[in-house]
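Note sheet for the following structure.
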Amino acid sequence: MSMRWRLFMSAILVSAAATAFAGCGRRESPPLPFQAEKEKKGAAGKSDVVLADLDLADMKNNFGTLPVKYDLEIKGKEGTSSAITPEKVDLGRMLYFDTRLSKNQDLSCNSCHDLTKYGVDGTKFSKGHKGQLGGRNSPTVYNAGSHVAQFWDGRAGTLEDQAKGPILNPVEMAMKDEASVVEVLESIPGYEDAFKKAFPDDKEPITYDNLAKAIGAFERQLVTPSRFDKYLAGDKSALSDQERAGLTKFVQNGCTSCHSGASLGGSTYQRLGLIKAYPNQKDLGRYEVTKKDEDKMVFRVPTLRNVAETGPWFHDGSFDRLEATVQAMAFHQLGKDLPEKDVADIVAFLKSLTGEIPRDYIKMPALPPNGEKTPKPDPT
């Protein structure tokens, strides 16, 4: 991290704290040390501030660009690793779309994390077994390979750990236990061959752990580069003047203290309502995992990649307009009441983070047909 960036971030944190505790009254944010101001007279929809091109290197160093894929190996808990191979990815793709991994055979991973809809289902709470509703908004699986942990409360350390949860959750896919899942897979002749190809060194390839490894291998290549990456790579025309102004204000207001890195989030836990209490105090977030008082209302910071397409927003799905979401974050996390123009510019920047869905990669594969002993759907 450059000295200029460290000084700049320090100035932001001081400014945010002063604004939060000053009581009523709006304060103008100080200009960026490297900010270039330019009047845009008579240009409808244009903003009056753009980011100076000479600091593009700092932007790239501190945001970074998305990789082609996340992690070439799946790290085990005891130092073991599992190389990601095309066979694992192909198997994981099939499992991701297979509804036979749910009790009533009507739900798959893709049901709540629709890959054609940027990895979400667009609802406040997703429907699970018998129409039951989950208690938290389903986060996107795109770019999730960069996250410090999975789920809003971070209870799963890896994509593989996360893949195991919903299948056995009685509110979600509702399978009885791991053995029941393995029984289903073993009853489908096509899966026997697919697991052997994906895990050729395993004496018993069809296991619940291997199911999770395969799904994780598939999900680690769900990466969505956007125009923002082209801008960071040096294409100054990739962002409009308003989007560049929104980037400036995004940084200037201190949003990068949580939403940083290539995924603009996902790498830290933060208290929701850091300055101003969040109204919904029923879900205590990470506290439910750790039972530590300091973790009350602490959640894993979500990625902002594709954020314009992944509403409704927040863990409780309480906001259905991106503008209101930006205003709420500024108020609760920074103690700021942002002018409408700043909100509009920041939203314009956030829309530039909408990436390219890998259509060929996510195309639903042909699934192996049932065997004679494959269990029937169970709606109970």
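The values are calculated or read from the model by the stated rules, or taken from the named source; none is laboratory data. Quantities reported herein were computed from a predicted structural model and do not represent experimental measurements. No Cβ is skipped: glycine too gets one built from the backbone with ideal geometry, and neighbour counts run over all protein chains shown.
A few remarks follow.
Quick grid of which residues meet (1) more than 21 Å from the chain's Cα centre (by Cα); (2) farther than 22 Å from Arg300 by Cβ:
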{"position": "Lys196", "(1), (2)": "yes, yes"}
{"position": "Pro225", "(1), (2)": "no, yes"}
{"position": "Asp235", "(1), (2)": "yes, yes"}
{"position": "Glu243", "(1), (2)": "yes, yes"}
{"position": "Leu247", "(1), (2)": "no, yes"}
{"position": "Ser260", "(1), (2)": "no, no"}
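- The lone exception for Glu172 - which of (1) in a helix (DSSP H, G or I); (2) crowded, with 22+ Cβ neighbours inside 10 Å; (3) among the charged types (D, E, K, R) it fails: (1)
- Hey, Glu178 farther than 18 Å from Ser108 by Cα and without any contact (Cβ under 8 Å) to a residue 60 or more places away in the chain or not: no
- Counting only residues that are of a type in the set (A, V, I, L, M) and at positive phi, region 239-288 holds 1 of them.
- Search result, residues across region 290-325 that are on the phi > 0 side of the Ramachandran plot and either touching a strand residue (DSSP E or B) at 6+ places or on another chain (Cβ under 8 Å) or assigned to a helix (DSSP H, G or I) (or both): Met297, Asn306
- Considering Val184, Val120, the condition of being closer than 20 Å to Pro205 by Cβ, aliphatic (A, V, I, L, M), in the same structural domain as Ala212 (by TED's automatic domain parsing) and surrounded by 16 or more Cβ atoms within 10 Å (Cβ to Cβ) is satisfied by Val184 alone.
- Within region 316-341, the set of residues being more than 24 Å from the chain's Cα centre (by Cα) and either more than 21 Å from Arg300 (Cα to Cα) or crowded, with 20+ Cβ neighbours inside 10 Å (or both) comprises Lys336, Asp337, Leu338, Pro339, Glu340, Lys341.
- Single match in Leu115, Leu159, Leu168, Leu185 (criterion: farther than 30 Å from Val307 by Cβ, of a type in the set (A, V, I, L, M) and out of contact with any Ser or Thr (no Cβ under 8 Å at 6 or more places or on another chain)): Leu185
- The residues of region 342-367 that are of a type in the set (Asp, Glu) and closer than 30 Å to Tyr96 by Cβ, listed by number, are Glu356, Asp360.
- Qualifying positions in region 326-378 - assigned to a loop (DSSP other than H, G, I, E, B), among the basic types (Lys, Arg) and more than 26 Å from Leu66 (Cβ to Cβ): Lys336, Lys373, Lys376
- Among the residues of region 323-340, those identified as touching a Phe, Trp or Tyr at 6+ places or on another chain (Cβ under 7 Å) and in contact (Cβ under 8 Å) with a residue 24 or more places away in the chain are His332, Asp337.
- Screening the candidates Ser111, Ser138 for the property of being buried (at least 18 other Cβ atoms within 10 Å of the Cβ), polar (S, T, N, Q) and not in a helix (DSSP H, G or I) yields one hit, Ser138.
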